[in-house]
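A short write-up of the structure that comes next.
Nothing in this text is a laboratory measurement; each read-out follows from the coordinates by a stated rule. Note that the coordinates shown come from a computational prediction; the quantities given were computed from them, not determined experimentally. Reconstructed Cβ throughout: ideal geometry from the backbone, glycine too, with neighbour counts over all protein chains shown.
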Amino acid sequence: MRCPFCSHEDSQVKDSRSTEDGAAIRRRRQCEGCGARFTTFERIQLRELVVVKSGGADGGVRREPFDRDKLMRSVAIACRKRPIDAVRLERLVSGIQRQLETQGDGEVPAKRIGEMVMEGLKGLDSVAYIRFASVYKDFREARDFEEFAGSVSAVAKQ
């Protein structure tokens, strides 16, 4: 493992343990070059996933590798300043990734990922759900927020 501080090629594992959700192994490492310590995470990857994005400025279809960190960042942004434990966010993202990897196809429409995040956030926190929806559904005006929030509160009352 390359050191993030000095780029030395070798590091020594000082400690290994599972993450709380058991989906990864956390390793504390020490660089043999500069002595700096850093943490790495090792995850199981069942298959290579490709995200299929449609639309855009040219209206064409783009494919890009699935990026778990990008998914985690977008969920974290929606949940910013909300009383949601980081472990729950990690569990949500890990669950989505596992579902995608165990489905039959290696290509996943971006729309499907967005729907899975929406479904997960719906049960986690209504404010985070609305925040994510505002970007995912491309809200343009305050009225869009009002209508969507109204539908969320109507479902919550049932």
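Key figures for this structure:
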{"read-out": "Residue 135 paired with residue 112, simple spin-label distance in nm, labels 7 Å along Cα-to-beta-carbon", "value": "2.2 nm"}
{"read-out": "Cut-off 13 Å between beta-carbons: net charge of the residues surrounding residue 132, Lys and Arg +1, Asp and Glu -1", "value": "+2"}
{"read-out": "Karplus 3J(HN,Hα) series, Hz, for segment 121-128 with 6.51 cos²θ - 1.76 cosθ + 1.60 (x for Gly, Pro)", "value": "5, 4, x, 9, 6, 5, 5, 4"}
{"read-out": "Cα centroid of segment 111-142 to Cα centroid of segment 5-19, whole Å", "value": "37 Å"}
{"read-out": "3J(HN,Hα) from dihedral phi, segment 14-23, Karplus parametrisation 6.51/-1.76/1.60, rounded to Hz, x for glycine, proline", "value": "9, 7, 10, 7, 6, 6, 4, 8, x, 8"}
{"read-out": "For the chain, size of Cβ-based charge dipole, Lys and Arg +1, Asp and Glu -1, in debye", "value": "400 debye"}
{"read-out": "Approximate spin-label separation residue 148-residue 119, in nm, with each point projected 7 Å along Cα-to-Cβ", "value": "1.9 nm"}
{"read-out": "Distant-in-sequence amide H partners of residue 51 (H built 1.01 Å from N, under 5 Å)", "value": "64, 66, 108"}
{"read-out": "Distant-in-sequence amide H partners of residue 11 (H built 1.01 Å from N, under 5 Å)", "value": "32"}
{"read-out": "Residue-by-residue Karplus 3J(HN,Hα) for segment 137-147, coefficients 6.51, -1.76, 1.60, Hz, glycine and proline x", "value": "8, 6, 4, 10, 9, 4, 4, 4, 5, 4, 5"}
{"read-out": "GNM result for the chain, Cα springs below 10 Å: residue of 42, 115, 32 fluctuating most strongly", "value": "32"}
{"read-out": "Separation of the residue 98 and residue 8 label points, Cα + 7 Å toward Cβ, nm", "value": "3.8 nm"}
